[in-house]
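To keep things clear, I will list the structure first and then write my remarks on it.
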Amino acid sequence: MKAGCSIVEKPEGGGGYQFPDWAYKAESSPGSRQIQLWHFILELLQKEEFRHVIAWQQGEYGEFVIKDPDEVARLWGRRKCKPQMNYDKLSRALRYYYNKRILHKTKGKRFTYKFNFSKLVMPNYPFINIRSSGKTPACGAEWF
DNA sequence: CTCGGAAATC
DNA sequence: GATTTCCGAG
């Protein structure tokens, strides 16, 4: 009997949510879909307990920095029961998100990625205001 | 470190 | 279809 994969959820609120729960909402579909990587990343970013391993980058909305790639990979591997998970493998899954338009990469900075909320928010909350700047990036435009 | 193809797995 | 694993190139 194997039971080393117990998902322990923390019903604690960090205190200041950056995102509504639509982002972290687990798959309640009857199809038993496993959690996607970007859901998991958002879940970690939501909690202050993990801010030593991953945290939002101040200045850009949706940008985050992975401080401890090994720790993030370890937690991700625990969730997926993949003890041999590494940042190399995790980042590869992240790289596949580039084509899915879910994630972007901030070049120049190490371990720095950015969520593409133009694609994430629209199908859920098309009325959320990303940035109150006079600049409105079109679909496909750079977010720099 | 970062990118991306390919095979394999679920 | 999404993710994992392996690996060569930059």
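The values are calculated or read from the model by the stated rules, or taken from the named source; none is laboratory data. Keep in mind that this is a model prediction, so the values were computed, not measured. Please note: Cβ atoms are built from the backbone with ideal geometry, for glycine as well, and neighbour counts cover all protein chains shown. To get the accessible areas, we keep the full protein, side chains included, count just its heavy atoms, and leave off ligands, DNA and RNA. Shrake-Rupley method; radii C 1.70, N 1.55, O 1.52, S 1.80 Å.
Give me the percent of the accessible area of the range A:38-78 that comes from carbon and sulfur atoms, probe 1.4 Å, all protein chains in place. Before the final figure, lay out each step's value.
On the way: 840 of 1880 Å².
That fraction is 45 percent.
Calculate, in nm to one decimal, what A:K89 and A:R101 gain on full extension: separation in residues at 0.36 nm each, minus their alpha carbon distance.
2.4 nm
First measure r as the distance between the Cβ atoms of A:Q36 and A:K67, then evaluate 1/(1 + (r/R0)^6) with R0 = 30 Å and state the FRET efficiency to the nearest 0.05.
With a Förster radius of 30 Å, E is 0.85.
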